[in-house]
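Structure, as structure tokens:
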Amino acid sequence: MPAKDRSFHFISGLPRSGSTLTAAILRQNPRFSANMSSPIAGLFDGMIAQVSAGTELSAMVSQDQRARLLRGLFESYYAEQSEPVIFDTNRAWTTKLPALMQVFPEAKVICLVRDVSWIMDSMERQFRQNPFEHTLLFNSQGERSTVYTRLEALAGAARLVGFPWHALREACYSEFANRIIIVEYDLITHRPKDVFQLLYEFLGEEHFEHDFSAVDYDAPSFDAQLGLEGLHKVHSEVAPRPRKTILPPDLFKRFENMAFWRDLPDSAAFKITAASDDKPQDTPL
């Protein structure tokens with residue numbers, strides 16, 4: 001099906017916050033195509049760079065041509081997909097909203113979030129579960145040497161956790177904030193049916209009855225490239241799985257107050273977040 005005959009939406013947000021789980025649930029709907037992170041965001045940025053000021057091609061490619069070229073990336077990449085609604089996943093999409101919304105004026109962005117302390121806990125667990133690998137998440141022996149250096153590296157403004165955290169915060173106060181819906185991972189695991197009903201309303205899609213006890217997704221070959229086995233494997237049943245943190249108390253405390261999305265004054269972003277009584281709040285859909 002040509003991309004021009006499809007609807008495109010996007011999945012973004014923070015790592016280890018349920019983006020793969022959300023895609024795995026959405027793809028149960030036969031109208032939807034959803035997957036883990038695709039390479040399109042990188043190609044999208046690369047194409048813009050090729051025609052930007054300072055290159056030989058900048059004066060040869062009009063704004064309309066640039067938009068067509070960028071949309072053509074999606075048309076080519078998804079040419080073999082038959083579903084009428086495509087969800088493309090990448091944490092970088094929240095940094096591309098001005099261009100993205102010109103290419104796809106009706107697009108919406110689902111942004112998954114989670115307490116940063118638990119994101120760090122999850123990343124550290126993945127590292128310790130692969131003790132015979134020097135994962136590519138870290139650039140040197142110094143970075144990977146202790147839990148303190150590992151988390152310090154991940155929190156960097158251009159790194160795995162710090163970059164999408166800053167990008168999402170920027171997007172929440174952008175002129176396209178009303179195209180964003182923030183969804184907390186813990187609320188998906190506690191009340192998946194309620195969350196996805198709200199998501200469908202936000203997307204303007206007809207409701208579909210998902211089976212939250214039979215979710216299936218894994219990407220072992222991709223995870224092996226990173227040296228982190230099981231990074232994208234999801235549990236078949238959507239349910240809360242409480243645990244104690246493995247982080248030192250001072251590190252856990254350092255990251256536990258970074259959930260800026262629970263207090264977004266003057267932001268037009270929609271939210272499905274957990275209140276103190278574990279009910280969805282701030283969802284004016």
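Between ARG144 and ALA59, 0.36 nm times their residue separation minus their Cα-Cα distance comes to what? Write down the numbers at each step before the final one.
Details: separation 85, 0.36 × 85 = 30.60 nm, distance 4.53 nm.
The span from ARG144 to ALA59 would gain 26.1 nm if fully extended.
Run the numbers on the chain and let me know its relative contact order in percent, using alpha-carbon pairs under 8 Å that are six or more apart.
Working: 443 pairs, mean separation 70.0, N = 285.
RCO, the chain: 25 percent.
Of the peptides 185-191, 73-79, 243-249, how do they stack up when ordered by the mean number of other Cβ atoms within 10 Å, highest first?
Working: 185-191: 20.7, 73-79: 16.0, 243-249: 12.4.
For the peptides 185-191, 73-79, 243-249, the packing ranking is 185-191, 73-79, 243-249.
Among ASP45, ASP211, ASP263, which one shows the biggest mean-square fluctuation in a GNM of the chain, springs joining Cα atoms closer than 10 Å?
With Cα springs under 10 Å in the chain, the top fluctuation among ASP45, ASP211, ASP263 is at ASP263.
Suppose the chain between GLU206 and GLU106 were pulled fully straight at 0.36 nm per residue; how much longer would it get relative to their current alpha carbon spacing? All intermediate terms of the calculation are to be shown ahead of the outcome.
Working: separation 100, 0.36 × 100 = 36.00 nm, distance 1.62 nm.
Stretched out fully, the GLU206 to GLU106 stretch lengthens by 34.4 nm.
Would you work out the relative contact order for the range 1-120, in percent, from Cα pairs under 8 angstrom that are 6 or more residues apart?
Numbers: 171 pairs, mean separation 62.8, N = 120.
Relative CO of the range 1-120 lands at 52 percent.
Collect residues whose amide H, placed 1.01 Å from N in the peptide plane, falls under 5 Å from the amide H of THR89; neighbours closer than 5 in sequence don't count.
Long-range HN contacts for THR89: ILE11, ASN35, SER38.
Please give the length that would be gained between ALA157 and ARG241 if that part of the chain were fully extended, namely 0.36 nm times their separation in residues minus their C-alpha to C-alpha distance (nm, one decimal).
Extending this stretch completely gives an extra 27.3 nm.
Match the structure shown to one of the listed values (1) 163; (2) 135; (3) 148 of volume of the Cα convex hull per residue in Å³, computed from it, and give that label.
(3)
Restricting to the range 1-160, compute how many DSSP beta bridges are antiparallel as a %, nearest 5. Walk me through the intermediate numbers first.
Values: 0 of 12 bridges.
Antiparallel bridges make up about 0 percent of those DSSP assigns within the range 1-160.
Taken together, the values in this text are just the output of simple stated rules run on the coordinates, not laboratory data. No experiment lies behind these values; they were computed from the predicted model shown. All Cβ positions, even for glycine, are placed from backbone atoms using ideal geometry, and neighbour counts span all protein chains on display.
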